[in-house]
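Colleague: I have a structure I would like to understand better, so I am pasting it below and will then ask my questions one at a time.
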Amino acid sequence: MPIAEVTATVTIAANVVKALGKLGAYAEKQRNAEINGAIIEVQSLVMQLQEQLLRDRAAHDDLKRQHRELEESVRTRRDAFEWRENVFWEKATGAGPYCPKCFQEPQIPRVARLAEDRDGLWYCAVCTFATNSPELDRRLAEAAAAPRKPRPHEDWLSR
Ligand SMILES: [Zn+2]
């Protein structure tokens, strides 16, 4: 619920409590204990409602603050890292590669550094992201371009 609506609802609840107070004074003047008791009960419920709204507003403010912090954290990351070779690298130090999938998750406090397996595949230990390193891409391209050597049995068949 937007904060202006919560504030308006709290104000309405306060006015209802005030109106019930007037009604209670009238019931007392009329010496009607039953109506007076019902009014006191409604007054108590409205006050509980008002307190709940104030708690909701505090929770809402807290969520808004968290949201601002997460946005700030994403902005800071965007300023500190650069995108190259399908991964992120620290601008200041050139350190990396860092996981692009974790980068997009502001609730992950640190961007995960990618590990490299012995074939040259970069992978993230935090999430499932994996990509070829430029070195692996280069080796794969070389292997695809190299002329294929005939296997021993193929050599025998051609004789
Ligand atoms: Zn990751």
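Laboratory data are not the source of any read-out in this text; all were calculated from the coordinates shown. No experiment lies behind these values; they were computed from the predicted model shown. Because the Cβ atoms are built from the backbone with ideal geometry, glycine has one as well, and the counts that use them run over all protein chains shown.
Colleague: Relative contact order for segment 3-76 using alpha-carbon pairs under 8 Å, separation at least 6, rounded to a whole percent?
Modeller: Numbers: 34 pairs, mean separation 28.1, N = 74.
After rounding, I find 38 percent.
Colleague: In debye to the nearest 20, how big a dipole does the chain give about its Cα centre with +1 on each Lys and Arg Cβ and -1 on each Asp and Glu Cβ?
Modeller: 140 debye
Colleague: OK, next. To the nearest 20 debye, what is the magnitude of the charge dipole of segment 41-114 about its Cα centre, counting +1 on the Cβ of each Lys and Arg and -1 on the Cβ of each Asp and Glu?
Modeller: Here segment 41-114 has a charge dipole of around 400 debye.
Colleague: Follow-up. List the GluC sites (Glu not before Pro) within segment 66-149 that fall in a DSSP loop (any state other than H, G, I, E or B) and whose Cβ has at most 16 other Cβ atoms within 10 Å.
Modeller: Glu85
Colleague: Ok, one more. Return one number: the angle in degrees, 0 to 90 and rounded to the nearest 10, between the long axis of the Cα atoms of helix 134-145 and the longest principal axis of the Cα atoms of the chain.
Modeller: Once rounded, one gets 40 degrees.
Colleague: Just to confirm the number: angle between the C-alpha axis of helix 3-29 and the first principal axis of the chain, 0 to 90 degrees, nearest 10?
Modeller: Result, in degrees: 20.
Colleague: How fast does segment 85-145 diffuse by Stokes-Einstein, in µm²/s, taking the Kirkwood radius from C-alpha pairs at 20 °C and 1.002 mPa s?
Modeller: The calculation lands on 174 µm²/s.
Colleague: Another question about this same structure. If I take R0 = 41 Å and measure r between the Cβ atoms of Thr93 and Ala59 in this structure, what FRET efficiency does the formula 1/(1 + (r/R0)^6) give, to the nearest 0.05? Write down the numbers at each step before the final one.
Modeller: Values: r = 40 Å, r/R0 = 0.97.
According to the calculation, E is roughly 0.55.
Colleague: In segment 1-40, which trypsin sites (Lys or Arg not before Pro) are in a loop and have at most 16 other Cβ atoms within 10 Å, using DSSP for the loop call?
Modeller: Listed in order of number, the matching sites are Arg31.
Colleague: No other cysteine beta carbon under 4.7 Å away is the test; run it over the chain and list who passes.
Modeller: Cys127
Colleague: What's the long-distance tail for the chain, i.e. % of Cα pairs beyond 28 Å?
Modeller: It works out to 60 percent of all Cα pairs.
Colleague: Taking the Cα centre of segment 3-76 as the origin and placing charges on Cβ (Lys, Arg +1; Asp, Glu -1), which of Ile12, Tyr26, Met47 is farthest toward the positive end of the dipole?
Modeller: Positive-most Cα among the choices belongs to Tyr26.
Colleague: In addition: Would you kindly state how much longer the chain becomes between Asn15 and Arg110 on full extension, computed as 0.36 nm times their sequence separation minus their alpha carbon distance, in nm to one decimal? Before the final figure, lay out the partial values.
Modeller: Working: separation 95, 0.36 × 95 = 34.20 nm, distance 4.90 nm.
Extending this stretch completely gives an extra 29.3 nm.
Colleague: Classify segment 54-102 as rounded, prolate or oblate from the Cα gyration tensor: take a ≥ b ≥ c as the square roots of its eigenvalues, call it rounded if a/c is under 1.5, otherwise prolate when a/b beats b/c and oblate if not.
Modeller: Because a/c hits 1.5 or more and a/b exceeds b/c, segment 54-102 counts as prolate.
Colleague: Normalising by the residue count of the chain, find the relative contact order in percent from Cα pairs under 8 Å and 6+ residues apart.
Modeller: This gives 11 percent for the chain.
Colleague: Quick one: putting +1 on the C-beta of Lys and Arg, -1 on the C-beta of Asp and Glu, what dipole do you get for segment 3-76 around its Cα centre, in Debye to the nearest 20?
Modeller: Charge dipole, segment 3-76, about its Cα centre: 280 debye, nearest 20.
Colleague: Still on this structure: Give the lysines reachable from Lys29 as a straight Cα distance under 19 Å; neighbours fewer than 8 places away on the same chain don't count.
Modeller: Cross-link targets: Lys18.
Colleague: Still on this model: Using +1 at the Cβ of each Lys and Arg and -1 at the Cβ of each Asp and Glu in the chain, identify which of Ala130, Ala141, Ser73 lies farthest towards the dipole's positive end.
Modeller: So the residue furthest toward the plus end is Ala141.
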